[in-house]
Amino acid sequence: MPARVWLATGISRGPSRVISNRASSSNSRVWRMRSLVDMGNSFISFCPHSIFNYDGKKLEIIGFVDMYSLEQLRMFVAAAEQGSFSAAARKLGKAQSVVSQGIANLEIDLNLILFDRSARSPRLTSQGQTLFEQARMLMVHHQRFQSSAQSLSLGEERQLVFALDEVLMMSGLEAVLRQFTERFPTTSLEFLTVVSPDVGELVRSGRAQLGLMFSQIPYPTELDASYIGSLPFVAVVSPEHPLAREQTLTLERLSLHRQIMVRGASGTLTGEFPAVSPNRWSTNNFYMVAELASRGFGWGYIPRHLTEDRIFGRRLVSLKPECDAQTWLSPVDLVSRPGAENGPALNWLKGELRQLLPG
């Protein structure tokens, strides 16, 4: 007798019929397995959705077909997380009978017992616990897949590169980025933190699509700049530095002590702060200015919010030079390339960043 191949979803008698049987009784399965010996050409697939070969004498399973659905897995995960079928049904907005039957069918499809139903509330078996972790990850990946497909259909960008002066990474920007992750979960962000004069070059060259920096007027024609507000700056020094004990801080007194300033890779100074002392050190970020000043190496201007930082708050004191009749306010600009193609994520980010600082 030539070998034949069938796809079975339950019990089948004869080579021409394939029918589905959703019975979940383990005794029923055992009886049917035994019946294979007594029924001649009749046969039984005790593992549902199996592909098997039968040559008239020997039945051999040669493969399997996945027949369970994402909805069944969703019911399984919900029941495991909620601790009961009724709670899972409420969470999913379904009837309890639908959830119970869905999970029972999943157990048949997998040929496994996922829940121990002997107690009042169903509990995961060891096999169920193993599959629960994997099923939950499948749900997460499925959600990401759906989000990615929706984002692509809406034309959302796959990635944005954002260049900024690292001292501008403040609480307001953090709030904007948290909103961004919720609205554009599949758009990845790459951050390039450099000193302000170098932010403009990264955007101009196309390495970054958007930049946030202290104003560096005049800008090259390859850049569009939008003023979004100003940050207050203060002169600081270590509490142990001689300047901290000065009652009157004239330019002459300041010029006698080392000044620490910020400049970019091209040598351009950041901001509009005067170079008072002939003895100057430079660095490429304001955090380093604060660190050097706190260790007594000199004095320098830093954004005022750094003096409220838990690291520098107790290690720095503010100076009040006579030349600073008013607080130094350094303008902050949002820069991009004119004519560049903007997607939904970039447009949204631009709009939010324009409201980041007070005018």
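The numbers here are math on the coordinates, done by the rules we state, and not lab data. Computed from a prediction, not measured in an experiment: that's the story for all the values here. We place every Cβ from the backbone using ideal geometry, glycine too, and count neighbours over all the protein chains shown.
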Note to self: As I understand it, the dipole of region 272-359 uses +1 on the Cβ of Lys and Arg and -1 on the Cβ of Asp and Glu, about the Cα centre. Which of LEU329, VAL317, ALA345 lies farthest toward its positive end?
What the structure shows: VAL317
Note to self: Could you compute the net charge surrounding LEU334? Neighbours are other residues with a C-beta less than 13 Å from the C-beta of LEU334; K and R count +1, D and E count -1.
What the structure shows: -1
Notebook entry, point to check: What list do you get for TRP328, TRP281 if you sort them by fewest beta carbons within 10 Å?
Noted result: TRP281, TRP328
Check: Which order do MET75, MET169, MET288, MET261 fall in if you start with the one that has the fewest other Cβ atoms within 10 Å?
Finding: MET169, MET288, MET261, MET75
Checklist line | Estimated dipole of region 174-282 in Debye, rounded to 20 [Cβ of Lys and Arg +1, of Asp and Glu -1, Cα centre] | finding: 200
Next item on the list: Run the dipole for region 70-153 about the Cα centre, Lys and Arg Cβ at +1, Asp and Glu Cβ at -1, nothing else charged, and hand back the magnitude in debye, nearest 20.
Entry: 300
Check: Between rounded, prolate and oblate, where does region 232-327 land on the alpha carbon gyration tensor, with a ≥ b ≥ c its root eigenvalues, rounded for a/c under 1.5, else prolate if a/b exceeds b/c?
Finding: rounded
Next item on the list: Taking H placed 1.01 Å from N in the peptide plane, check which residues at least 5 places from TRP328 or on another chain put their amide H under 5 Å from its amide H.
Entry: PHE233
Margin query: I want the local charge near PRO321. Using Cβ-Cβ distances under 10 Å, sum +1 for each Lys or Arg and -1 for each Asp or Glu among the other residues.
Written below: -1
Check: Each residue of region 212-217 in order: what ³J(HN,Hα) in whole Hz does its phi give by Karplus 6.51 cos²θ - 1.76 cosθ + 1.60, θ = phi - 60°, with x for Gly and Pro?
Finding: 10, 7, 6, 4, 10, 5
Item checked: Cα-based shape type of region 70-153, given that a ≥ b ≥ c are square roots of the gyration tensor eigenvalues and the cut on a/c is 1.5 -> prolate
Checklist line | Sum of side-chain charges, LEU249 neighbourhood, beta-carbon under 13 Å (Lys, Arg +1; Asp, Glu -1) | finding: -1
Note to self: Give me, ordered by chain and number, the residues 5 or more places off ALA208 or on other chains with an amide H under 5 Å from its own placed amide H.
What the structure shows: VAL203
